[in-house]
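Below is one structure, written out as structure tokens; comments come after it.
The values are calculated or read from the model by the stated rules, or taken from the named source; none is laboratory data. Being a predicted model, the structure only gives us computed values, none of them experimental. So basically every Cβ, Gly included, is an ideal-geometry build from the backbone, and we count neighbours across all protein chains shown. Calculation scope for accessible area: heavy atoms of the full protein, side chains included, ligands and nucleic acids excluded. Shrake-Rupley method; radii C 1.70, N 1.55, O 1.52, S 1.80 Å.
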Amino acid sequence: MGGSDLAGVIANIREAIVVVDSSGAVIEWLGGAQRMFGWSAGEMAGRNLDEVLQPKDVNGNRTCIGRIAKDKELVITKGTPEREVLTVTRTGAPLWIGVTSSFERAPGQGVVRTTAVMRDIGRRKRVDMAKSEVISAVAHELRSPLTSVKGFTSTLLRRWDRFDDDHKKHLLATINADADRVTRLIGELLDLSRLEAGRLPLSRQMISLGDITSRVVERIRPRAEKHEIGFEFPDGFPQVFADSDKIEQVLTNLLENAVKYTTGGRVTVAGSLQDAMVLVSVTDEGRGIAVEHQFKVFNKFFRERAQAQNPGTGLGLYISKGLVEAHGGRIWVENGADKGAIFCFTLPRSADGETP
């Protein structure tokens with residue numbers, strides 16, 4: 001391979017390949033370096049790499065790419081394993097990179113040249129940070145009901161004889177509701193693992209969507225004091241071939257979201273026919289969802305409408321999408337003509353999509 005061919009190959013490498021001298025000044029700026037960071041080779045020649053990229057480690061402390069600390073030179077003979085480093089681009093945007101360095105030494109001089117191979121790990125870091133956020137959110141979601149269960153149970157055990165029957169019923173109902181919250185969260189996490197492993201079991205039979213929806217509405221209504229919940233299913237609405245528990249989970253998630261992320265107004269759940277499919281919609285009167293986020297809301301950990309007072313795991317819509325698609329249906333969101341969001345999903349009316 002000739003020199004020009006090799007230069008062309010190197011120029012097309014996605015990773016940045018940077019060579020610096022013992023002081024950290026750039027000697028070579030190759031591969032995807034310009035595409036990744038924005039500076040050309042001519043602009044970077046002779047400049048100190050660490051001063052330009054301002055690298056920080058995962059703890060936010062200043063670190064270095066172009067050189068290594070003197071004490072480390074004693075134990076590192078050839079190079080370093082990949083390190084995660086936060087840098088900046090020419091526009092000032094943050095960029096997470098994975099850096100692998102190798103060192104050239106000269107007798108009596110130590111490291112005289114460092115070659116750093118850098119790759120963009122921004123997507124991986126976003127996923128990692130999202131996972132950390134969901135772990136924190138799950139811990140919070142578990143702590144709150146478990147604290148309530150523990151507190152009310154302890155109170156009942158210590159003061160059982162001091163409470164009348166109505167007070168006991170109230171405390172037990174609260175414990176029951178909080179236990180349901182924990183059970184549902186654990187169920188979401190199990191569904192998440194099954195969806196990602198492609199092992200989600202479905203127990204299908206002909207079921208009444210109207211009955212399931214009515215049951216979900218009545219269960220949510222006591223928690224929606226500021227909302228009016230409408231139920232619009234025509235008489236004789238056809239049955240669908242589906243897993244009753246999974247579809248109830250989807251409807252519960254959509255209705256709870258509509259109530260959680262709106263301050264009041266009407267929430268309407270409606271059913272209609274679409275050839276061999278049925279369509280269910282949940283409409284609220286909130287602020288709607290930005291157009292650029294309407295596909296993202298079904299991504300794992302995405303919480304566009306989440307607010308500080310409404311924490312969550314960001315898994316509900318992702319799982320709902322997986323459940324609907326496992327049934328051969330489709331789920332999406334759009335904004336209403338005037339205001340609010342409309343979440344819709346379809347399901348086949350029979351096992352083969354034909355009208356039963």
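Selection of the stretch 27-60 for residues being open to solvent by less than 10 Å² (accessible area, probe 1.4 Å) and closer than 25 Å to residue 107 by Cα yields only 49.
Hand me the list of strands (runs of 3 or more DSSP E) wholly inside the stretch 94-207 holding 1 or more residues that are of a type in the set (D, E, K, R), under 22 Å from residue 252 (Cβ atoms) and more than 25 Å from the chain's Cα centre (by Cα).
Values: elements: 94-106, 110-120, 204-207.
Those strands (runs of 3 or more DSSP E) span 204-207.
Is it the case, given these coordinates, that residue 100 is of a type in the set (Val, Ile, Thr), modelled with pLDDT of 90 or more and surrounded by fewer than 14 Cβ atoms within 10 Å (Cβ to Cβ)? Can you show your working first?
Values: of a type in the set (Val, Ile, Thr): yes; modelled with pLDDT of 90 or more: yes; surrounded by fewer than 14 Cβ atoms within 10 Å (Cβ to Cβ): no.
Spelling it out, it is not the case that residue 100 is of a type in the set (Val, Ile, Thr), modelled with pLDDT of 90 or more and surrounded by fewer than 14 Cβ atoms within 10 Å (Cβ to Cβ).
From 207, 220, grab the single residue that is open to solvent by less than 60 Å² (accessible area, probe 1.4 Å) and modelled with pLDDT of 90 or more. Reasoning before the result, please.
On the way: 220 fails: modelled with pLDDT of 90 or more.
The match here is 207.
With the requirement that a residue be out of contact with any Lys or Arg (no Cβ under 8 Å at 6 or more places or on another chain), under 26 Å from residue 338 (Cβ atoms) and buried (at least 18 other Cβ atoms within 10 Å of the Cβ), what does the stretch 223-249 give you? Once the filter is applied, which keeps residues that are out of contact with any Lys or Arg (no Cβ under 8 Å at 6 or more places or on another chain), under 26 Å from residue 338 (Cβ atoms) and buried (at least 18 other Cβ atoms within 10 Å of the Cβ), the stretch 223-249 yields 224, 233. Are there any pairs, at least 6 apart or on different chains, whose C-beta atoms fall under 6 Å, with the first in the stretch 283-302 and without any contact (Cβ under 8 Å) to a residue 12 or more places away in the chain and the second in a loop (DSSP other than H, G, I, E, B), and if so, which? Going by the 6 Å Cβ cut-off, the qualifying pairs are 293/304; 296/302. Considering the stretch 82-97, and only residues there that are free of Cβ contacts under 8 Å to residues at least 24 places away in the same chain and touching a strand residue (DSSP E or B) at 6+ places or on another chain (Cβ under 9 Å), the residue that is least open to solvent (accessible area, probe 1.4 Å) turns out to be 82. Is there any pair with a first residue in the stretch 174-192 that is more than 19 Å from residue 153 (Cβ to Cβ) and a second that is open to solvent by less than 30 Å² (accessible area, probe 1.4 Å) whose Cβ atoms are under 6 Å apart and which are 6 or more apart or on different chains, and what are they? Going by the 6 Å Cβ cut-off, the qualifying pairs are 188/315; 188/319; 191/319; 192/315. Of the candidates 78, 131, the single residue that is open to solvent by 80 Å² or more (accessible area, probe 1.4 Å) and under 22 Å from residue 27 (Cβ atoms) is 78.
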